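Structure first, commentary second.
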Amino acid sequence: MKRILIVIGTRPEAIKMAPVYLALKKAEGLEPYILSTGQHIELLDEALATFGLNANYRLDIMKEAQTLAYLTSALAEGLGRIYEEISPDAILVHGDTTTTMMGALMAFYMRIPVMHVEAGLRSKNRFEPFPEEINRRLVDQMADVLFPPTPMAKERIYEEKPEVVDIFTTGNTVVDALLWVKEKKLVNVSLHDGLKPKEYILLTAHRRENWGEPLRNIYKAVKQIVKETGLKVIYPVHPNPRVKNVAYEELGGIDGVILTEPMDYMSFLKHMSEARIVLSDSGGVQEEAPSFGVPVVLLRRVTERPEGVQTGHIVLAGTDIDTIVEKTLQMLDTTLPAYNPFGDGYASQRIADYIRYFLGLSEEKPKEWVISYE
């Protein structure tokens, strides 16, 4: 049996890698394990539990007001120790977090093959998102196998002329996760009291590059949108004090704005699926909302997911107050294409099939995911 260690540290990673674990578990000759670094603890564990999963190994490095320097040093020590303990045949990392970057780096140091799920995403601005843009570029350089989610992401990898030759397009695993939850559990989840389908806006805003004045601008735009449209806004507030404190200063007590604690994954998807529109600076939301036919106003100046912009599912608004209001009003009346440009629900199976092929457990090379954005 070939041991595959899946390294995750945040809730989005847990959500996107849970269906990969389930696919690997069913694959002949593969033995998957989950290592949780604890970059985020409670949110990560809740996401895994949605899929009936628990981490096999834990580092639990999270502490209050943790810095990138602390995270990097704690991950280096902890990951190196775990890798030596279990001697995996391959390390599977996802996306662009500090956990991802250090998970790949420590594996590279120890000559363990690295496989990068959601490779090839680029905003082409190294400080937006920060530090994720540089993290994913570094991981793509260290990895032995790259799994870009879309043909456009694959093209961006080839533009950089990497040494690695194993590049295999899969679709995005978040679509797998979303469809799994939608089929099995979403029907039993209720909306927040006072909300009716398509009569509210879902807001998510927490990115590091938006801390400070950009966040305040977002919140001021939200107040104006509520006033002009009559729609309610529900905002699951990120627990980081630099987000939470400003959110309650600007939006606390505002009629039509509902501030909540972070939602579990099923509740969040339920509120996304019934929203009229989503305002977000998130990465995953850009990939999830198209499956529900919900438009996204992206509270960022650039995106590493241009597929959704090209198909009209996403519009860039940045953090300028007037632009956010203008783009939101425009998108309220938008009719979206009836497909998700990021995946079809079979990405995890493609990844499992390709890992078997890469490790010599299968002689047949699987077929990549192909989609046209025209």
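The values are calculated or read from the model by the stated rules, or taken from the named source; none is laboratory data. Every value quoted in this text rests on a predicted model; they were computed, and no experiment measured them. Don't worry about glycine lacking a Cβ; one is built from the backbone with ideal geometry, like all the others, and counts go over all protein chains shown.
Observations on the model:
- Of all residues making up the stretch 224-237, the number that are farther than 12 Å from Ile201 by Cα, surrounded by fewer than 18 Cβ atoms within 10 Å (Cβ to Cβ) and either touching a Cys at 6+ places or on another chain (Cβ under 9 Å) or without any contact (Cβ under 8 Å) to a residue 60 or more places away in the chain (or both): 1
Yes/no per residue for (1) among the acidic types (Asp, Glu); (2) over 19 Å from Thr150 (Cβ atoms):
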{"site": "Glu261", "(1), (2)": "yes, yes"}
{"site": "Phe268", "(1), (2)": "no, yes"}
{"site": "Met272", "(1), (2)": "no, yes"}
{"site": "Val278", "(1), (2)": "no, yes"}
{"site": "Gly283", "(1), (2)": "no, no"}
{"site": "Ala289", "(1), (2)": "no, no"}
{"site": "Arg300", "(1), (2)": "no, no"}
{"site": "Gln310", "(1), (2)": "no, no"}
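- A count restricted to the stretch 44-86 and to residues that are touching a Gly at 6+ places or on another chain (Cβ under 7 Å), closer than 19 Å to Ile4 by Cα and of a type in the set (A, V, I, L, M, F, W, C) stands at 2.
- Counting only strands (runs of 3 or more DSSP E) that sit completely within the stretch 250-331, those holding 1 or more residues that are outside the structural domain of Gly95 (by TED's automatic domain parsing), of a type in the set (Ser, Thr, Tyr) and in contact (Cβ under 8 Å) with a residue 24 or more places away in the chain correspond to 257-260, 277-280.
- Considering the stretch 88-112, the residues that are free of Cβ contacts under 8 Å to residues at least 40 places away in the same chain and outside any helix (DSSP H, G or I) include one that is nearest to the chain's Cα centre (by Cα), namely Ile112.
- Taking the stretch 113-145 as the range and being outside any loop (DSSP other than H, G, I, E, B), in contact with a Lys or Arg (Cβ under 8 Å, 6 or more places away or on another chain), without any contact (Cβ under 8 Å) to a residue 60 or more places away in the chain and hydrophobic (A, V, I, L, M, F, W, C) as the test, only Ile134 passes.
- Residue selected from the stretch 41-81 under the condition crowded, with 21+ Cβ neighbours inside 10 Å and more than 16 Å from Ala18 (Cα to Cα), by the criterion modelled with the lowest pLDDT: Ile61
- Restricting Glu374, Glu304, Glu364 to those that are surrounded by 22 or more Cβ atoms within 10 Å (Cβ to Cβ) and either at positive phi or at pLDDT below 95 (or both) reduces the list to Glu304.
- Residue list for the stretch 13-33, filter: under 16 Å from Gly95 (Cα atoms) and surrounded by fewer than 24 Cβ atoms within 10 Å (Cβ to Cβ): Tyr21
- Of everything listed in (1) outside any loop (DSSP other than H, G, I, E, B); (2) more than 20 Å from Ala107 (Cα to Cα); (3) in contact (Cβ under 8 Å) with a residue 24 or more places away in the chain; (4) not aromatic (Phe, Trp, Tyr), the single unmet condition for Ile82 is (2).
- Count of the stretch 152-183 residues which are closer than 17 Å to Lys16 by Cα, assigned to a helix (DSSP H, G or I) and of a type in the set (Ser, Thr, Tyr): 1
- Some residue of the stretch 6-22 being farther than 30 Å from Lys185 by Cα, touching a residue at least 60 places away in the same chain (Cβ under 8 Å) and assigned to a helix (DSSP H, G or I): no
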